[in-house]
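First the structure, in the form of C-alpha cells, and then the observations on it.
The values are calculated or read from the model by the stated rules, or taken from the named source; none is laboratory data. Worth saying up front: this structure is predicted, and the values here are computed from it rather than measured. Please note: Cβ atoms are built from the backbone with ideal geometry, for glycine as well, and neighbour counts cover all protein chains shown.
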Ligand code: ADP
Ligand code: MG
C-alpha cells in the first residue's frame, strides 16, 4: 500500500505562506467534508478531468483525527492508485488549502489502517529536473505501421543527437503519441549519456516563462538556460501562432543551438507550413531537418497499446475486452488510455475482473454516442433478440420466451443504465422490487451456467452500444 507522507509542517513552505494562514483559520471552522472539498476544488485544476472523475470524485473527507484529515475511498485499490499517481498533486493541494495544520490520510470504508500521503523525494540529476515523465520511453512505445517511420527517426536522433536529423519535427493529431516519442528521446539520452543536458518544455510554458523573464528583467537568465542545453525538446509548436515575441526568441534560440550542433526536436499538431502566421524564416528553420508524421493507429495497434498499458499497471487485459475497446475508440490513443483507466477503476470495485460489460460501462461515461443509450433502445433490442414485442415485455404474458426477455431487459436496465429497482419495476408493467431482484439474480445465474445465454447477453450489450 502506498504511503503518503506529508512533509507539511508548521514552519511551512514559503510558497504557501499566504494560504497557510488562511488554511489554519479554516481548519478550525471547517468540517472534514468541507475541508476535503476545498482540497478537491484545488485538485480539480491540477489533474485531468477524466482522472479527477474516476479517482477523486468518489472520495469524501470523513474525520479529523489527531493531525490527520481522514479521507474515505471506495477500496484499497484507490489508496494504491492515488498514492502512486497523484500523491504529489494531493500533497501540494493539501499544503495549499490546509496549510501545516493537517496531513491527509486515506482509508477505506471497511476501516483498514489509513495510508498517509507521502510524495516521493525529488531527485537531482534525473528526469525530475528535465521535466520528463519516466513512463515515456521507447520501451513502452508500441511500434506499428502508423508510427514506424517517426519512431525510427526518433531512435536515430536518440542514438546520435545533433548529427543527421537536426531539427527533427514530429507532427500528428491529438493523442497520437507526439509527446511520448519526444520524451522517449530525452529519457534515452539521459540514460545513455550521463551529464547530457536535456530539457523538455511545451511551447506554452516557454511562452509563460518568457513573459515572466521580460517582466522581471531576467531575460539573460532565460536565454542562458535554454542556450546551454544539449537537447531541447519543444512540444506543441503550433502554440506559436500569433506569438510574435516568442517566435522571435525561438528563431534565435534555434540558430544558436543549431550552430553549436545541439539537437532540437519539435512537435506540432500539423505541418509547420500550415501553422498560420508563423514567420516564414522560422517555419523554414523548423522544417529544415527531417519531418515525420504520426498516423492514427489501426485496430491491431490499438489492441496492442491497450494490452501493453494494462500490463504496465499489472493487469492482464483479456483479448475480447481489448478488442471491444479498440473497436469503439478508433482515433485517439489518449482516449483509449482514459477508457482503460476507467475500466481498471470499475474492476477494482468489482473484484478485479476485466470484462466487456465493464468496458461497456466505462465507455458509456466516456463516449457521447454511447451516452445516448436509452430505455427505448434496450427494450426494442431485447424484444427483437427474443422475437417478442416491447408491449409484450411490458405486459402480463408469462410464456417462457416473454418472461426471459423481460428478465433480460430488467438486467440491462440495471447494468447499463443503473436504474433503481423501483424504476425498473415501473418500466416493466409495474412489477414490485422483489420481482425485479429475483429477475436480476436469475439472469446472473444463467449467465454463469449457460454460455450460449451469456454470449447472447454480451452481444445485446454491444448491439445496444454499451
Ligand atoms: P500527443 O502528444 O500526440 O497528443 P501523447 O504523446 O500525449 O499524444 O500520447 C497520448 C497517450 O497515448 C500517452 O499516454 C502515450 O503514452 C500513449 N501512446 C501514444 N502512442 C503510443 C504508442 N505507440 N504506444 C504506447 N502508448 C502510446
Ligand atoms: Mg502532446
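State whether one or more residues within segment 309-316 are farther than 25 Å from residue 181 by Cβ and either touching a strand residue (DSSP E or B) at 6+ places or on another chain (Cβ under 7 Å) or away from ligand 1 (no atom under 12 Å from the Cβ) (or both).
yes
Taking residue 226 and the conditions (1) surrounded by 19 or more Cβ atoms within 10 Å (Cβ to Cβ); (2) not in a helix (DSSP H, G or I), which numbered condition does it fall short on, given that it satisfies the others?
Only one criterion in (1) surrounded by 19 or more Cβ atoms within 10 Å (Cβ to Cβ); (2) not in a helix (DSSP H, G or I) is unmet by residue 226, namely (2).
Report whether or not residue 278 is surrounded by 13 or more Cβ atoms within 10 Å (Cβ to Cβ) and touching a strand residue (DSSP E or B) at 6+ places or on another chain (Cβ under 7 Å).
For residue 278, the condition - surrounded by 13 or more Cβ atoms within 10 Å (Cβ to Cβ) and touching a strand residue (DSSP E or B) at 6+ places or on another chain (Cβ under 7 Å) - is not met.
Could you list, in sequence order, all residues of segment 158-210 that are within 16 Å of ligand 1 (Cβ to nearest atom) and over 22 Å from residue 241 (Cβ atoms)?
158, 177, 180, 181, 183, 184, 185, 186, 187, 188
Quick test of your reading of the structure: residue 139 fulfils all but one of (1) free of Cβ contacts under 8 Å to residues at least 24 places away in the same chain; (2) outside any helix (DSSP H, G or I); (3) within 19 Å of residue 264 (Cα to Cα); (4) within 16 Å of ligand 1 (Cβ to nearest atom). Name the failing condition by number.
It fails just one condition, (3).
Just need a number here: residues in segment 101-136 that are within 16 Å of ligand 1 (Cβ to nearest atom) and modelled with pLDDT under 80.
2
Out of 426, 430, which single residue is outside any helix (DSSP H, G or I) and surrounded by fewer than 16 Cβ atoms within 10 Å (Cβ to Cβ)?
Step by step, each of 426, 430 is checked, and only 430 is outside any helix (DSSP H, G or I) and surrounded by fewer than 16 Cβ atoms within 10 Å (Cβ to Cβ).
Output the residue which, of all residues in segment 232-245 that are modelled with pLDDT under 90 and in a loop (DSSP other than H, G, I, E, B), is farthest from ligand 2 (Cβ to nearest atom).
242
Would you mind telling me which numbered condition in (1) surrounded by 18 or more Cβ atoms within 10 Å (Cβ to Cβ); (2) at pLDDT 90 or above residue 419 fails?
Only one criterion is unmet by residue 419, namely (2).
With the condition kept exactly as written, say whether any residue in segment 166-178 is part of a helix (DSSP H, G or I) and within 16 Å of ligand 2 (Cβ to nearest atom).
Yes, segment 166-178 contains at least one residue that is part of a helix (DSSP H, G or I) and within 16 Å of ligand 2 (Cβ to nearest atom).
Filter segment 201-231 down to residues that are within 16 Å of ligand 2 (Cβ to nearest atom) and in contact (Cβ under 8 Å) with a residue 12 or more places away in the chain and give me whichever is nearest to the chain's Cα centre (by Cα).
Out of the qualifying residues, it is 202.
Working only within segment 142-162, note down all residues that are closer than 18 Å to residue 193 by Cβ, more than 16 Å from ligand 2 (Cβ to nearest atom) and part of a helix (DSSP H, G or I).
155, 156, 157, 158, 159
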